[in-house]
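Asker: The following block contains the structure, expressed as structure tokens.
Quick note: the coordinates plus some simple rules give every number you see, no bench work behind them. Predicted, not measured: the structure shown is a model, and the values here were computed from it. For neighbour counting, all protein chains shown are included, and Cβ atoms are generated from backbone atoms with ideal geometry for every residue, glycine included.
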Amino acid sequence: MSALPHGPERPVRFGWMRPWHPSPLLRPLDRLEAVLRLAVVAAVLLTVPLAWGLGTEVYAVDAERIRVERATRTPVQATVVTEPAEVAPYTVRATVRWDENGRSGTAETSVPQTASAGDRVTLWLDPANRPVLAPRSPDAAPIGGIGTGLLVVFTAAGLGWALVRAVAVLLDRRRYAAWGAAWERSAPRRYRDPPAAV
């Protein structure tokens, strides 16, 4: 003996949400809500090409910047010449000196927290012989592009969901008010009046 289904399957339930469904049980407010849901889904789907384009643009710009960083920044071994001082939480600065590959100079820069005077640290220099951050990994470009695309899609989906929920709350209030008015018109008096005090 086969078990009876406990409710309509999902495709059947989805069919009732179509705004063009011929059922007389669908009120105009129900149809309006269904149209809004479909419009939001279509709008979110339309943001996918926009997200793709923005993500690709961010990737291209970041990839070019990383290529320039890796081509123009060079590492040198510098010697810490002053005792490092903590200038902020987890940030230690000291004066360092370098003389390598025909480049020499002195600068105050961030050093590892464990560094002390006399230690050797790796320092990255730009073409003007100034200390700069190490060049980023090439992996940063695709991560930035994908992150930008996902941010656009998720933001659109979140705004769409918030709009649908806000409209649903407003429409539910109207439905409840209509149900209350219908109950007042049709229910027997003994069900509408509060019980008498004893």
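Asker: Taking 25 Å as R0, compute the FRET efficiency from the Cβ-Cβ separation of A162 and V48 and round it to 0.05.
Answerer: About 0.85, to the nearest 0.05.
Asker: What's the magnitude of the charge dipole for the range 64-131 around its Cα centre, counting Lys and Arg as +1 and Asp and Glu as -1 at the beta-carbon? Answer in Debye, nearest 20.
Answerer: 260
Asker: Kindly identify the range 34-90 as rounded, prolate or oblate by the Cα gyration tensor criterion: order the square roots of the eigenvalues as a ≥ b ≥ c, call it rounded if a/c is under 1.5, otherwise compare a/b with b/c, prolate if a/b is larger, else oblate.
Answerer: It is oblate, given that a/c is not under 1.5 and a/b is not larger than b/c.
Asker: Counting only residues 5 or more places away or on other chains, whose amide H sits under 5 Å from the amide H of N129 once H atoms are built in the peptide plane?
Answerer: Close amide H contacts, sequence-distant or interchain: none at all.
Asker: While we're on this one: Sequence gap at least 6, Cα distance under 8 Å: using those rules, report the relative contact order of the range 79-125 to the nearest whole percent.
Answerer: Averaging sequence separation for qualifying contacts and normalising by length gives 41 percent for the range 79-125.
Asker: Consider a paramagnetic label point 7 Å from the Cα of E86 along Cα→Cβ; state which residues of the range 107-122 have an amide N under 15 Å from it.
Answerer: 111-116
Asker: For the range 58-182, with the dipole built from +1 on Lys and Arg beta-carbon atoms and -1 on Asp and Glu ones, taken about the Cα centre, which of W98, V121, A63 lies farthest toward the positive end?
Answerer: Positive-end residue among those listed: A63.
Asker: Taking only C-alpha pairs under 8 Å that are 6+ residues apart, what is the relative contact order of the range 43-198 in percent?
Answerer: The value is 28 percent.
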